[in-house]
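To start, the structure itself, in structure tokens.
The values are calculated or read from the model by the stated rules, or taken from the named source; none is laboratory data. Given the structure is predicted, the values throughout are model-derived calculations rather than measurements. Don't worry about glycine lacking a Cβ; one is built from the backbone with ideal geometry, like all the others, and counts go over all protein chains shown.
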Amino acid sequence: MAGPQSTRLVKTALRCYPARWRRRHGDEATELAALLIRDGIPAASIAMSYLAGATREWLTPRLGQRRSLSAVACALLVSACSVWLLASTVPARAASTSQPPSTSQPHCRPARPAPVPDVASAPPNEQLIIREAWHDRPC
Amino acid sequence: MAVSRRDSVAGQDVLRRVGEASVLILISLADGPKHGYALIQDIKELADVELGPGTLYGALDRLERLGLIEPLPAEDRRHPYRMTAPGAAALRVHLDSLERVSAAGRLRLQLGGV
């Protein structure tokens, strides 16, 4: 990955940390990332590590401080960013994943719906069986 | 919640639940202060473990909260850390505990004859 792109990726990850953390470690963390990239560690891996750290940082309650709703929301946002980052860095691997040829039926193949009896009058267990009847095999 | 030296000396293994990264950081700091990059390099050489930078800062913050390490004045943008006296005591207790478990494991392997 090119230099400016790597730096941007890492800086984006670092922005996910709380401001208090960035004030304290931000500059050093940026420099550390640059050194690690120079050593050949992929920027995406460093960014992922920082995103995981940011999630932990948001979810770890400080002394005398309760975990607020916004902190949890930020942590969820950071997690979503991590998933997006992971997905965007490994599209080729995901695309090349191929299933071996198989003669067996797929696990969840939709089938024609069976005639549905009067669901409202059926006891709870029967309702469950009726839902599963939409598939050839139960999932 | 800092750990006092007396607690560590009393034999309570406070490092049992802090995770491998924190223990490796303390071991790395045992021979002198280091900053983040030096810690990552040293731990890779010492234990063949590649600490991610996010893991490193999380562990450093945790150890500092426990009073087992302390930051030194910044050099340029780098913050070196050094181990405190309670940190050294806690590390001794933890290593003793690991040695006991290790010795027991080796003995059982011998007795089992596997």
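Looking at segment B:71-92, is at least one residue assigned to a helix (DSSP H, G or I), free of Cβ contacts under 8 Å to residues at least 40 places away in the same chain and either exposed (fewer than 14 other Cβ atoms within 10 Å of the Cβ) or within 14 Å of chain A (Cβ to nearest Cβ) (or both)? Break it down into steps so the answer makes sense when it comes.
Applying the first criterion (assigned to a helix (DSSP H, G or I)) to segment B:71-92 yields B:85-92.
Filter once more, keeping what is free of Cβ contacts under 8 Å to residues at least 40 places away in the same chain: none.
No, segment B:71-92 contains no residue that is assigned to a helix (DSSP H, G or I), free of Cβ contacts under 8 Å to residues at least 40 places away in the same chain and either exposed (fewer than 14 other Cβ atoms within 10 Å of the Cβ) or within 14 Å of chain A (Cβ to nearest Cβ) (or both).
If you check B:65, B:77, B:82, which single one turns out to be at negative phi, among the charged types (D, E, K, R) and in contact with a Pro (Cβ under 9 Å, 6 or more places away or on another chain)?
Numbers: B:65 fails: in contact with a Pro (Cβ under 9 Å, 6 or more places away or on another chain); B:77 fails: in contact with a Pro (Cβ under 9 Å, 6 or more places away or on another chain).
Unique residue meeting the criteria: B:82.
Name the residues in segment B:49-70 that are buried (at least 16 other Cβ atoms within 10 Å of the Cβ) and of a type in the set (Asp, Glu), would you? Break it down into steps so the answer makes sense when it comes.
Initially, segment B:49-70 is screened for residues buried (at least 16 other Cβ atoms within 10 Å of the Cβ), giving B:51-64, B:66-69.
Residues satisfying the conditions are B:61, B:64.
Taking residue A:14 and the conditions (1) at pLDDT below 95; (2) within 11 Å of chain B (Cβ to nearest Cβ), which numbered condition does it fall short on, given that it satisfies the others?
Result: residue A:14 fails condition (1) only.
Quick one: in segment B:62-97, of everything that is acidic (Asp, Glu) and modelled with pLDDT of 95 or more, which residue is nearest to residue B:33 (Cα to Cα)?
If we filter segment B:62-97 for residues that are acidic (Asp, Glu), which is where we start, we get B:64, B:70, B:75-76, B:96.
Then drop every residue that is not modelled with pLDDT of 95 or more, which leaves B:64, B:70, B:96.
Working: B:64: 14, B:70: 10, B:96: 23 Å.
Going through the qualifying residues, I end up with B:70.
Quick one: how many residues across segment A:38-50 are within 11 Å of chain B (Cβ to nearest Cβ), surrounded by fewer than 23 Cβ atoms within 10 Å (Cβ to Cβ) and of a type outside the set (Asp, Glu)? Working first, answer last.
First pass over segment A:38-50, keeping only residues within 11 Å of chain B (Cβ to nearest Cβ): A:38-39, A:41, A:45-50.
From what's left, surrounded by fewer than 23 Cβ atoms within 10 Å (Cβ to Cβ): A:38-39, A:41, A:45, A:48.
Those still in the list that are of a type outside the set (Asp, Glu) too: A:38, A:41, A:45, A:48.
Residues flagged as within 11 Å of chain B (Cβ to nearest Cβ), surrounded by fewer than 23 Cβ atoms within 10 Å (Cβ to Cβ) and of a type outside the set (Asp, Glu) within segment A:38-50 amount to 4.
Return yes or no: is residue A:63 within 11 Å of chain B (Cβ to nearest Cβ) and modelled with pLDDT under 70?
Numbers: within 11 Å of chain B (Cβ to nearest Cβ): yes; modelled with pLDDT under 70: yes.
Judged against the criteria, residue A:63 is a match.
Considering only segment B:35-70, how many residues are in contact with a Lys or Arg (Cβ under 7 Å, 6 or more places away or on another chain), in a helix (DSSP H, G or I) and farther than 16 Å from residue A:17 by Cβ?
So the answer is 1.
Which numbered condition in (1) within 14 Å of chain A (Cβ to nearest Cβ); (2) touching a strand residue (DSSP E or B) at 6+ places or on another chain (Cβ under 9 Å); (3) part of a loop (DSSP other than H, G, I, E, B) is the only one that residue B:32 fails?
With respect to (1) within 14 Å of chain A (Cβ to nearest Cβ); (2) touching a strand residue (DSSP E or B) at 6+ places or on another chain (Cβ under 9 Å); (3) part of a loop (DSSP other than H, G, I, E, B), residue B:32 is out only on (1).
Report yes if residue B:46 is farther than 22 Å from residue A:56 by Cβ, buried (at least 18 other Cβ atoms within 10 Å of the Cβ) and aliphatic (A, V, I, L, M), otherwise no.
Numbers: farther than 22 Å from residue A:56 by Cβ: yes; buried (at least 18 other Cβ atoms within 10 Å of the Cβ): no; aliphatic (A, V, I, L, M): yes.
So residue B:46 fails the test.
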